[in-house]
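So the structure is just underneath, and the comments pick up after that.
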Amino acid sequence: MNHFNYRQDALYCEDVPVTHIARSVGTPFYLYSQATLERHFGALKDAFVGDAPLICYSAKANSNQAVLTLFRQWGSGLDIVAGGELFRGLRSGFTPQTIVYSGVGKRVEEIDAAIGHDILMFNIESMEELALIDQRAGALNRKARIAIRINPDVDPKTHPYISTGLQKNKFGIDMAAALEGYRAAHRMPHIEVAGIACHIGSQITTLDPYRQAAAGLIALFKELQALQISVKYLDMGGGLGITYHQEAPPALADYAACLSEATEGTGLRLIVEPGRVLVGNAGILVTRVLYRKQGRAKSFVVVDAGMNDLMRPALYQAHHEVQAVERTSRPPIVADVVGPICESSDFIAQDRSMDDVRQGDLLAVMGAGAYSFAMSSNYCSRPRVAEVLVSGDRFDIIRQRENLQDLVRGEQLPHWLSTPTA
């Protein structure tokens with residue numbers, strides 16, 4: 001359920017016409033619905049009965065400070081994978097003791113910052129990382145809480161680029177090595193064993209992979225109990241999918257019941273790390289038609305948003321619905337929606353039946369709230385686009401559109417080159 005709806009053939013975000021926002025801020029831009037964000041967070045929270053899990057929003061999905069601040073106000077913790085996300089989270093008011101830090105390549109300065117702020121725990125991805133965190137905690141005269149991220153060798157049945165729980169993936173420590181990892185962590189003077197963790201992938205649309213992963217983690221928990229190594233948390237990661245086109249992800253109540261059953265009777269507190277399921281369908285990308293072009297084999301709709309603005313179709317062959325912001329009575333067309341980037345992979349949709357839009361018309365690329373602006377770039381020296389948030393009948397820019405000067409900010413000529421005159 002989202003708050004992007006048509007009223008007399010005009011697309012609205014909550015109570016604001018999308019055309020009105022486009023006239024005000026220009027195109028392209030990302031547009032988010034606060035009511036949809038709140039609905040999704042509340043629905044996930046309400047799906048769990050009994051002992052509530054710690055919900056840690058996955059910052060990588062959409063790390064705009066306004067989005068982070070909203071989730072913090074609604075009671076969320078934060079799942080981070082980089083020092084920059086720690087910076088954003090703290091700046092947005094998250095309590096460090098609600099922050100979980102995953103990621104296979106944590107740098108020393110990132111580890112030090114997280115230890116210094118006393119985050120809830122690190123999800124350990126390798127034995128060398130564990131040793132380094134113990135060393136850095138000792139140097140800082142602190143103790144670091146950790147969970148070992150288990151790679152359970154479970155197929156999440158998703159795109160291979162967003163599968164993270166198979167043995168061939170770079171993430172986590174395999175189950176056979178994990179027990180020795182916990183023994184080693186238990187002996188380390190500056191480490192406190194706090195949990196068991198996993199994250200098996202993204203855009204998962206069936207519960208079986210979660211059941212398989214949870215069963216393996218609970219078996220490991222029982223082995224740790226026998227060794228008198230106590231843990232408090234079971235972090236099952238995120239990855240629950242959404243509907244982009246024809247997907248049928250599980251109901252939140254079924255997802256919650258699946259994870260709650262895994263921890264029943266264990267005394268463990270569940271941690272979940274939702275990202276896409278909260279923000280994916282709460283955002284759209286609004287783009288303007290620049291040209292119509294008829295090739296010998298295909299018809300093209302050329303728009304002002306490119307793969308640097310929305311990478312998912314090029315990277316994952318992802319499907320996003322494309323809708324006219326103002327519907328017409330003209331018969332639909334079949335076309336590729338393409339951007340201005342000099343790459344054949346620069347497309348938003350291919351062979352798509354769509355509204356018969358003309359030069360100057362606006363298109364809405366749906367389901368663009370997650371892994372969209374967050375993955376954008378300045379490829380082809382294109383300034384990154386604006387982000388806008390709607391609440392009821394009001395809207396505001398929550399990230400200004402970059403300008404040409406932003407493209408060269410931080411660059412400088414070496415001393416042996418003369419400064420250009422213009």
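Return the pairs, sorted by first residue and then second, in which the second residue is among the charged types (D, E, K, R), the first residue lies in segment 271-292 and is closer than 15 Å to Asp304 by Cβ, the beta carbons are less than 7 Å apart, and the residues are 6+ apart or on different chains.
Close Cβ pairs satisfying both conditions: Leu285/Asp309; Thr287/Asp304; Arg288/Asp304; Val289/Arg358; Val289/Asp361; Leu290/Asp304; Arg292/Arg358.
Out of all the residues in segment 74-89, which are free of Cβ contacts under 8 Å to residues at least 40 places away in the same chain, farther than 15 Å from Asp112 by Cβ and either touching an Asp or Glu at 6+ places or on another chain (Cβ under 8 Å) or part of a helix (DSSP H, G or I) (or both)?
Of all residues in segment 74-89, those free of Cβ contacts under 8 Å to residues at least 40 places away in the same chain come to 74-76, 78, 80-89.
Checking which are farther than 15 Å from Asp112 by Cβ leaves us with 74-76, 78, 81, 85, 88-89.
Correct list: Trp74, Leu78, Glu85, Arg88, Gly89.
Output yes when any residue across segment 247-257 is farther than 30 Å from Leu31 by Cβ and among the aromatic types (Phe, Trp, Tyr), and no when none is.
So far as segment 247-257 goes, no, none of its residues is farther than 30 Å from Leu31 by Cβ and among the aromatic types (Phe, Trp, Tyr).
I'd like the residue in segment 56-81 that is of a type in the set (A, V, I, L, M, F, W, C) and over 17 Å from Thr36 (Cβ atoms) and, out of all such residues, is surrounded by the fewest Cβ atoms within 10 Å (Cβ to Cβ).
Val81
Given the conditions (1) at pLDDT below 90; (2) in a strand (DSSP E or B), report the number of the one that Lys157 does not fulfil.
For Lys157, the failing item is (2).
Of the numbered conditions (1) assigned by TED's automatic domain parsing to the domain that holds Thr27; (2) touching a Leu at 6+ places or on another chain (Cβ under 6 Å), Leu268 fails exactly one; give the number of that condition.
(1)
Let me confirm something: among Gly216, Gly237, which residue is touching a residue at least 12 places away in the same chain (Cβ under 8 Å), crowded, with 21+ Cβ neighbours inside 10 Å, assigned by TED's automatic domain parsing to the domain that holds Tyr101 and not β-branched (Val, Ile, Thr)?
Answer to the check: Gly237.
Please go through segment 391-411 and pick out each residue that is touching a residue at least 24 places away in the same chain (Cβ under 8 Å) and surrounded by 10 or more Cβ atoms within 10 Å (Cβ to Cβ).
Once the filter is applied, which keeps residues that are touching a residue at least 24 places away in the same chain (Cβ under 8 Å) and surrounded by 10 or more Cβ atoms within 10 Å (Cβ to Cβ), segment 391-411 yields Ser391, Gly392, Arg394, Phe395, Ile397, Ile398, Arg399, Arg401, Glu402, Leu407.
Evaluate the following for Leu132: is it in contact with a Cys (Cβ under 7 Å, 6 or more places away or on another chain), hydrophobic (A, V, I, L, M, F, W, C) and either in the same structural domain as Arg183 (by TED's automatic domain parsing) or assigned to a loop (DSSP other than H, G, I, E, B) (or both)?
For Leu132, the condition - in contact with a Cys (Cβ under 7 Å, 6 or more places away or on another chain), hydrophobic (A, V, I, L, M, F, W, C) and either in the same structural domain as Arg183 (by TED's automatic domain parsing) or assigned to a loop (DSSP other than H, G, I, E, B) (or both) - is not met.
One line per residue, one yes/no per condition, for (1) part of a loop (DSSP other than H, G, I, E, B); (2) of a type in the set (Asp, Glu); (3) touching a residue at least 40 places away in the same chain (Cβ under 8 Å):
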residue: Arg330; (1), (2), (3): yes, no, no
residue: Gly367; (1), (2), (3): yes, no, yes
residue: Tyr371; (1), (2), (3): yes, no, yes
residue: Pro383; (1), (2), (3): yes, no, no
residue: Leu389; (1), (2), (3): no, no, yes
residue: Leu413; (1), (2), (3): yes, no, no
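Is it the case, given these coordinates, that Gly216 is assigned to a loop (DSSP other than H, G, I, E, B), at pLDDT below 95 and in contact with a strand residue (DSSP E or B) (Cβ under 8 Å, 6 or more places away or on another chain)?
For Gly216, the condition - assigned to a loop (DSSP other than H, G, I, E, B), at pLDDT below 95 and in contact with a strand residue (DSSP E or B) (Cβ under 8 Å, 6 or more places away or on another chain) - is not met.
Within segment 290-311, work out how many residues are among the aliphatic types (A, V, I, L, M), assigned to a loop (DSSP other than H, G, I, E, B) and touching a strand residue (DSSP E or B) at 6+ places or on another chain (Cβ under 7 Å).
Residues that pass the stated criteria total 2.
Testing Gly84 on (1) surrounded by 15 or more Cβ atoms within 10 Å (Cβ to Cβ); (2) modelled with pLDDT of 95 or more, one condition comes back false. Which one is that?
Gly84 satisfies every listed condition except (1).
Can Ser329 be described as among the hydroxyl-bearing types (Ser, Thr, Tyr), more than 30 Å from Ala197 (Cβ to Cβ) and touching a helix residue (DSSP H, G or I) at 6+ places or on another chain (Cβ under 6 Å)?
Details: among the hydroxyl-bearing types (Ser, Thr, Tyr): yes; more than 30 Å from Ala197 (Cβ to Cβ): yes; touching a helix residue (DSSP H, G or I) at 6+ places or on another chain (Cβ under 6 Å): no.
When the stated conditions are applied, Ser329 does not pass them.
The values are calculated or read from the model by the stated rules, or taken from the named source; none is laboratory data. All values reported here derive from a predicted model rather than from experimental measurement. Reconstructed Cβ throughout: ideal geometry from the backbone, glycine too, with neighbour counts over all protein chains shown.
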